[in-house]
There are 2 protein chains.
Amino acid sequence: MSSPILHGYWRSSCSYRIRFLLALKGIPFESKAVHLVKSGGEQHSESYVAMNPTHKVPTLEIDGLTLYQSTAIAEYIEETHPEPRLLPHDAPSRAHVRALCNVISNDIQPVANVGILQRLVTLLPQDSSADVKAATRDDWSRHFITTGFLALEKMMTPKSGRYCFGDEVSLADVFLAPQVYNALRVGVDMSLFPTINRVMKELELLDAYRSAHPSVQPDAER
Amino acid sequence: MSSPILHGYWRSSCSYRIRFLLALKGIPFESKAVHLVKSGGEQHSESYVAMNPTHKVPTLEIDGLTLYQSTAIAEYIEETHPEPRLLPHDAPSRAHVRALCNVISNDIQPVANVGILQRLVTLLPQDSSADVKAATRDDWSRHFITTGFLALEKMMTPKSGRYCFGDEVSLADVFLAPQVYNALRVGVDMSLFPTINRVMKELELLDAYRSAHPSVQPDAER
């Protein structure tokens, strides 16, 4: 079987999740860049949409399958490549880790993604400057990331250890790191989240984290 | 063990998912209403947030646990109450069903929920009328529901049968029905989605669907 191919974008947090996940699982893969802005967005190209009708990244070609939606991909990889385990053994703990993931994947990421931010500024007066539009987008992103992180921080604090849940890396960490990267980009006040910051310091020590970071991807731009 | 308690709101699509899920699994439960608009939103009350720090519905008290985030709840119920099975046996099919769920839970529902719509209209000129605000909200919702349903329709068509995936009810159906209810509320042109419509006709025949419908909940308003 040939290596999996990950179609993604260096700065897309959902692509970053899957890069981090595959690296943690020790699954080598090939990256193919899908530029989300250039030429109106390559995710809308005929060839891409034929593979992934959601017009979003990432898409993972693996085991002869074409998978998309990063949560579904994560569950598939966890089922088919169970080591190292990224979901705890018992159902209540699994529900907790999945809830942490869902706060990021449902409450935070979708409401501050590129499609939403592009549509948002069409509501502003037509003569709004580029600066006003950029400030509106960043303010919107900061609001929803901060709100979501306040919830995450409360959820994590009693059950976190070295990582989001106890002392083993889990899917919650896989989802957290990319969202923190986005938070820093738009200037979220991270001093509000001591538990998240502590966990991030641990994640930064991992080779898998480093290899998955947007800044070291072949399609990274300055 | 006492009956599970579902804290939700009649018109919340995430609450509706869990009502439908519990009914399909044959798990009796007690409903407690959390009014999302009255008094600034009961989901923000001190007592509710102590139970669920995300300020969102639903919350499910079950098996001595307090669970939230509807996708995490659905996975927990599937693991602990496996019959009738709502995820297929094989990993590739499970990935497909989860991807259908994720398009709804990540790409559609979050970007048109009450918190987003409330914040959206603050971007309009301050003197905008209530009618303009309502039209802006509905237009926004229609856009993202239509975009998401176009993807879902393409994903479902080759693998649907009587239901979203083959001839057995799955989690994809549990997530679909509440989103279609929302789509109808804001006037989405459903003629674009023949496969979704065909599946909905089948779901409407199920007792579990009928008992979970917003219109028959104790807190339903006209």
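The values are calculated or read from the model by the stated rules, or taken from the named source; none is laboratory data. The model shown is predicted, which means the values in this text are computed figures rather than measured ones. In this analysis, Cβ positions are derived from the backbone assuming ideal geometry, glycine residues included, and neighbour counts consider all displayed protein chains.
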| query | Is at least one residue of segment B:187-195 small (Gly, Ala, Ser) and crowded, with 21+ Cβ neighbours inside 10 Å? | reply | no
| field | Only one of B:119, B:98 that is in a helix (DSSP H, G or I), within 17 Å of residue B:179 (Cβ to Cβ) and at the interface with chain A (Cβ under 10 Å from one of its Cβ atoms) | value | B:98
| Matching residues, segment A:26-53, being in contact (Cβ under 8 Å) with a residue 60 or more places away in the chain and in contact with a strand residue (DSSP E or B) (Cβ under 8 Å, 6 or more places away or on another chain) | A:31, A:33
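Of all residues in segment A:50-63, how many are among the β-branched types (Val, Ile, Thr) and facing another protein chain (nearest Cβ under 9 Å)?
Restricting attention to segment A:50-63, the residues satisfying the condition of being among the β-branched types (Val, Ile, Thr) are A:54, A:57, A:59, A:62.
Now drop any that are not facing another protein chain (nearest Cβ under 9 Å), which leaves A:54.
Number satisfying all stated conditions: 1.
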| Neighbours by Cβ (under 9 Å, 6+ apart or cross-chain): first from segment A:12-23, in the same structural domain as residue A:42 (by TED's automatic domain parsing); second in a helix (DSSP H, G or I) and modelled with pLDDT under 95 | A:12/A:114
| request: Sort out which residues of segment B:132-146 are touching a residue at least 40 places away in the same chain (Cβ under 8 Å) and either at the interface with another protein chain (Cβ under 7 Å from one of its Cβ atoms) or among the polar types (S, T, N, Q) (or both), and write them in order of number. | output: B:141, B:146
| request: Report yes if some residue within segment B:102-112 is outside any helix (DSSP H, G or I) and facing chain A (nearest Cβ under 7 Å); otherwise report no. | output: no
| remark: From the option list B:70, B:129, single residue qualifying as of a type in the set (Gly, Ala, Ser) and touching a residue at least 12 places away in the same chain (Cβ under 8 Å) is B:70
| note | Contact list, first residue from segment B:149-165 and touching a residue at least 12 places away in the same chain (Cβ under 8 Å), second anywhere and basic (Lys, Arg), beta-carbon distance below 8 Å, six or more apart or interchain, is B:160/B:198; B:165/B:159
| Any idea how many residues of segment B:2-32 are within 13 Å of the chain's Cα centre (by Cα), within 13 Å of residue B:219 (Cα to Cα) and either surrounded by fewer than 18 Cβ atoms within 10 Å (Cβ to Cβ) or not aromatic (Phe, Trp, Tyr) (or both)? | 4
| task | Starting from residues that are exposed (fewer than 15 other Cβ atoms within 10 Å of the Cβ) and among the β-branched types (Val, Ile, Thr), keep the ones in segment A:118-171 and report whichever is nearest to residue A:190 (Cα to Cα). | result | A:157
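Counting only residues that are within 11 Å of chain A (Cβ to nearest Cβ) and assigned to a helix (DSSP H, G or I), how many does segment B:122-131 have? Working first, answer last.
Narrowing segment B:122-131 to residues within 11 Å of chain A (Cβ to nearest Cβ): B:122-125, B:128.
With assigned to a helix (DSSP H, G or I) added as a condition, the list becomes B:122-123.
Selection size over segment B:122-131: 2.
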| said: Here is a check on your reading of the model: is residue B:55 over 28 Å from residue B:173 (Cα atoms) and outside the structural domain of residue B:105 (by TED's automatic domain parsing)? | reply: no
| Given the structure, is residue A:107 closer than 30 Å to residue B:73 by Cα and either crowded, with 16+ Cβ neighbours inside 10 Å or not charged (D, E, K, R) (or both)? | yes
| Of residues in segment A:64-80 being more than 7 Å from chain B (Cβ to nearest Cβ) and small (Gly, Ala, Ser), the one surrounded by the most Cβ atoms within 10 Å (Cβ to Cβ) | A:70
| request: Return the total of residues in segment B:186-209 being out of contact with any helix residue (DSSP H, G or I) (no Cβ under 7 Å at 6 or more places or on another chain), free of Cβ contacts under 8 Å to residues at least 40 places away in the same chain and either farther than 25 Å from residue B:6 by Cβ or assigned to a helix (DSSP H, G or I) (or both). | output: 3
